[in-house]
Structures are given as structure tokens and as C-alpha cells.
């Protein structure tokens, strides 16, 4: 029996069969270049050694990765504050939104900004947990960023961003949650994102979707986002629902047409939850 078959049998013994996500949709960010595959191979040996040292049975219900020690080789050379800032790499879209007088076009720009940033989080490395009170300050094209770790357990980060002309203010907080089932990792950053525009004083709020990294120990290594992102502009009565990685429907063509689907922008009188905001690589060195 080959090494991978032996590994699969051991995982099945503990109820940890591979989860490949085939019933959840198509797509995803895949590690499939020669360089990426070499990195995955090295990462898998570390993952297997760590998982067996923990005892595979602890993964049956999902192991909370925010409360467990892990080998330093799993980590990136930066903290979560720096990693989080990569979500906001496409600030030109927020600047475009701030110049828009049409609230519908402004909403479109904000949706594009939020979705475009998702790919910046596609990594199988884990950032270091920030120290309580750790801060990050950076600037990109006249936009200033101030971020701080405001809670250790649970881990919560808060941020504010201002452009030099005062056309918008972007703020929010995020509580990172992650758990692993040995061959997959599920994660989500819970918390409100809010951008407020000077042009009419309106705000747009949204939360990020969940993600799953598959193939930690065996099988294809890929990451997928899933869920519905809801964007709300209460002042202008607008809501946009973006469904990410919806279930397969109607064969290949049906699935492809629904890979990324969005509800039409329409007036929506839904109450907003309050935003509790206290305020990779760094945006600038």
C-alpha cells in the first residue's frame, strides 16, 4: 500500500475522510504550479507530523486554531494586522466610489473593492497572532491606515482608513475564527466593514464570506470562498446580495452562469446592525 493510501486509511479510521468540496460549486484558488506543488509537499509533511502529534481524534469536531500552539514553520513572516491590510489593495475603487454622486454606481464600486480583495487572502501560511495592543500604521496613495489589536481572546482587530481629501472614511473590526479537520481548514473574519462618504454622508456596510482550504494533507490543494455577501446603504435604500460559489445547478452551463451571482440592486428597508469599530505586506514600507 502506497504512502498516500496508508494516510487515507488512517484518516478514515478517525472519521476524517477527505473533504473536496465537489458538491459546493466550482472554481477556487489552486496551488498547481511546479513551485507551488513543491511548497505543498513540504507543507504536508509538517502538517501530518503535527496532526499525529496532537492525536487525530481531536480533529473530528474541528480544532480551534486560535487557541492551539503550532510549529513556527506554518507561519508567515508577518502578523494578522499586516495580512488583513492586503484585503484593501484596490483602494482606487474606493476613491472612485467617493467621487460618484449616483449611489447605485457608488455601491457597484464598493462591491468590486470588497470582492477584488478576497484573492489577496489566498495563502496556506498562517500569520502570527498580533499582540494585544499591537498597532499598524501605513499609507498608500494618500490613504492613511491605522489598525490595532483590541482583543486577544477572542482575537479582534480594528481599523480606520482616511483619504487625504477627506472624501471617505473606511473603518471596521474583524474577529478571526478558524478550525481544522486535519485535511481542511475553515475560516472566517466576522465583523462589520463600513465606508462612509463625504458626498452625501451615506455609509455602506458588509461582512466577509467564509473560506475553506482543502487538501492540507492529501488531494488537491485549493481554497474556496462561500456564502452571501450583503452590502447595505440604508440612507439611499440600497442592498446588493452577492452569492459566492453557489451550488451546482443545471449541469456545467448552469453552474458556470451561477459561479458568481448577484442580486439586482434594489431598495431595501432592512435594519442595519451597528458597527462597533474602535477606530500583505504593509501598504508601504
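Just so it is clear, none of the values below were taken in a lab; they were calculated from the coordinates. Keep in mind the model is a prediction, meaning the values are calculated, not measured. Cβ sites come from the backbone with ideal geometry, for glycine too, and all protein chains shown count toward neighbours.
Size check on segment 48-179: the Cα extents along the three principal axes, sorted descending, read 57, 29, 22 Å. The modelled label-to-label distance between residue 100 and residue 177, using points 7 Å beyond Cα along the C-beta direction, is 3.1 nm. In this rough spin-label picture, where each label sits 7 Å from Cα along the Cβ direction, the residue 160-residue 32 distance is 4.5 nm. Ordered by the number of other Cβ atoms lying within 10 Å of each residue's own Cβ, fewest first, 91, 46 fall into the sequence 46, 91. At full extension, residue 200 and residue 126 could sit 22.7 nm farther apart than now, given 0.36 nm per residue minus the alpha carbon distance. Under the simplified labelling scheme, the residue 68-residue 236 pair shows an inter-label distance of 4.5 nm, with each label point 7 Å from Cα along Cα→Cβ.
Among 180, 196, 52, rank each residue by its count of other Cβ atoms within 10 Å, from fewest to most, as a rough exposure measure.
Final ranking by Cβ density, sparse to dense: 52, 196, 180.
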